[in-house]
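The values are calculated or read from the model by the stated rules, or taken from the named source; none is laboratory data. All values reported here derive from a predicted model rather than from experimental measurement. Neighbour counts are summed over all protein chains in view; Cβ atoms, including those assigned to glycine, are modelled from backbone coordinates with ideal geometry.
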Amino acid sequence: MKLYLLLVFLGIFCVPCESYYREDYDQSTKDFIDMVVSDEDHSDHDHDEHHEKNKGKKNAGHGWNYLFSGPAIWGHFKRTCNGRQQSPINIESRSLKEVEKQRITHNYGEKPTGSYEMLNNGHALQINFNGDTKYRLKKNGKSYTPLQVHIHFNPFTNKGSEHTFNQNKYFAEIHIVHKRTRYTGKSFMNHDDGLLVIGMFVDIGKNDSTAAKYFSNVAKECFKPDMKKKIKAFNLASLFPSGNANFQSKYAYVNYHGSLTTPPCSEIVDWIVVTGNTLKINSETAKLFKDVRNGANGPMGGDGGNNRPVQKLNKRTVTGVVNGFF
Ligand SMILES: [Zn+2]
């Protein structure tokens, strides 16, 4: 009798909830990819069609979140989120394998072309670069194209960063997402070297870094999910802690192989996290982020936050690069 009741219960409740989430997650996987590739490839024949499709979509990509459908259960719906090369991680300066420098070059100090789009995607504040960007970053002979930059933050605790450095969290973390140039369309999702992400911590300080100014503008203009607006293009070097195109400062960074920090958690990311310096945001400017709403109309940086907790390192090597390029 007990077994019978249990089976009825499972039949009624678990099957619908399982399929609901599966659908939800498949949709969110698709939305994430759409979000990552956004405007990057004008050579795509379906580019305009893709935009038409997204136009009418309400709350695109809000299927998962950081609260009830939070990081602890992402793995139930997207098995990759339980993988062994997940991000973010805690960076322990004592355990780094140190090297002097890596072969990295870029042209991020050059004059920008076109315009960018800033938006609130329900999970983060984001700025999409123009699809025909001429900016390129080369690492060990591989070429990467920048797609977008977004921010994870928490203005209530000031501990909104995803990576931690010697267990310390910062107010926010900014991610510049690149795809490997040779992979066309969305095929970068199928290669373990598909993406390269540069992570930078944002700490409370006296004056706003240029990157903090860009994102406080997004916080003001796109405080509700799905709000978006065109903005003037800026050079990508202005996002770095040095804040200019001269690259006189060479801040240390770490490099390791990891994943997207949101579903589908694909393990395709060459991570570069700047540890030698932080971006700064004034405490008054930081308060602006309290008004930003997420896809469930809660405070984006509050409740469950918009930062995934650190994941196990699982014997991965984290390289510490003394001479960075920022
Ligand atoms: Zn991110």
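Within the range 124-178, track down each residue that is within 21 Å of H257 (Cβ to Cβ), outside any loop (DSSP other than H, G, I, E, B) and away from the ligand (no atom under 15 Å from the Cβ).
Hits for the range 124-178 are L137, K138, K139, K142, S143, Y144, T145, F165.
If I ask for residues that are polar (S, T, N, Q) and in a loop (DSSP other than H, G, I, E, B), which ones from the range 278-326 would you list? Working first, answer last.
Of all residues in the range 278-326, those polar (S, T, N, Q) come to 278, 282-283, 285, 294, 297, 306-307, 311, 314, 317, 319, 323.
N294, N297, N306, N307, Q311, N314, T317, N323, listed by residue number.
State which residue pairs qualify: first residue on the phi > 0 side of the Ramachandran plot and inside the range 126-142, second residue assigned to a loop (DSSP other than H, G, I, E, B) in any location, beta carbons under 8 Å apart, and separation of 6 or more residues or different chains.
Short answer, once both residue conditions are applied: N140/Q102; N140/R103; G141/R103.
Test A211 against the criterion of being outside any strand (DSSP E or B), modelled with pLDDT under 95 and either away from the ligand (no atom under 16 Å from the Cβ) or closer than 21 Å to T133 by Cβ (or both), and give yes or no.
Here the answer is no, as A211 does not meet what is asked.
Being more than 16 Å from the ligand (Cβ to nearest atom) and without any contact (Cβ under 8 Å) to a residue 12 or more places away in the chain is the requirement here; does Y183 meet it?
yes
If you scan the range 231-265, which residues turn out to be in contact with a helix residue (DSSP H, G or I) (Cβ under 6 Å, 6 or more places away or on another chain) and part of a loop (DSSP other than H, G, I, E, B)?
Residues satisfying the conditions are G243, A245, P263, P264, C265.
Please specify each residue of the range 102-111 satisfying the condition of being in contact with a strand residue (DSSP E or B) (Cβ under 8 Å, 6 or more places away or on another chain), assigned to a loop (DSSP other than H, G, I, E, B) and surrounded by 12 or more Cβ atoms within 10 Å (Cβ to Cβ).
Q102, Y108
Scan the range 272-285 and tell me whether some residue there is away from the ligand (no atom under 16 Å from the Cβ) and aliphatic (A, V, I, L, M).
Quick first cut of the range 272-285, residues away from the ligand (no atom under 16 Å from the Cβ) only: 275-278, 280-285.
So of that shortlist, the ones also aliphatic (A, V, I, L, M) come out as 281.
Yes - at least one qualifying residue is present in the range 272-285.
Being over 23 Å from F325 (Cβ atoms), in contact with a strand residue (DSSP E or B) (Cβ under 9 Å, 6 or more places away or on another chain) and crowded, with 22+ Cβ neighbours inside 10 Å is the requirement here; does V177 meet it?
Working: over 23 Å from F325 (Cβ atoms): no; in contact with a strand residue (DSSP E or B) (Cβ under 9 Å, 6 or more places away or on another chain): yes; crowded, with 22+ Cβ neighbours inside 10 Å: yes.
Answer is no for this residue.
Any residue in the range 248-257 that is at negative phi, under 14 Å from the mean Cα position of the chain (by Cα) and within 16 Å of the ligand (Cβ to nearest atom)?
If we filter the range 248-257 for residues that are at negative phi, which is where we start, we get 248-257.
If we keep only those that are under 14 Å from the mean Cα position of the chain (by Cα) as well, we get none.
No; the residues of the range 248-257 include none that is at negative phi, under 14 Å from the mean Cα position of the chain (by Cα) and within 16 Å of the ligand (Cβ to nearest atom).
To keep it simple, each residue is scored yes or no on (1) at pLDDT 95 or above; (2) over 19 Å from the mean Cα position of the chain (by Cα); (3) surrounded by fewer than 19 Cβ atoms within 10 Å (Cβ to Cβ); (4) farther than 30 Å from K97 by Cβ.
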residue: K159; (1), (2), (3), (4): yes, no, yes, no
residue: N166; (1), (2), (3), (4): yes, yes, yes, no
residue: N190; (1), (2), (3), (4): yes, no, yes, no
residue: D193; (1), (2), (3), (4): yes, no, yes, no
residue: I198; (1), (2), (3), (4): yes, no, no, no
residue: K220; (1), (2), (3), (4): yes, yes, yes, yes
residue: K228; (1), (2), (3), (4): yes, no, yes, yes
residue: I231; (1), (2), (3), (4): yes, yes, yes, yes
residue: A245; (1), (2), (3), (4): no, yes, yes, yes
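Would you please name the residue that is surrounded by the fewest Cβ atoms within 10 Å (Cβ to Cβ), looking only at residues in the range 87-101 that are touching a Gly at 6+ places or on another chain (Cβ under 9 Å) and in a loop (DSSP other than H, G, I, E, B)?
K101
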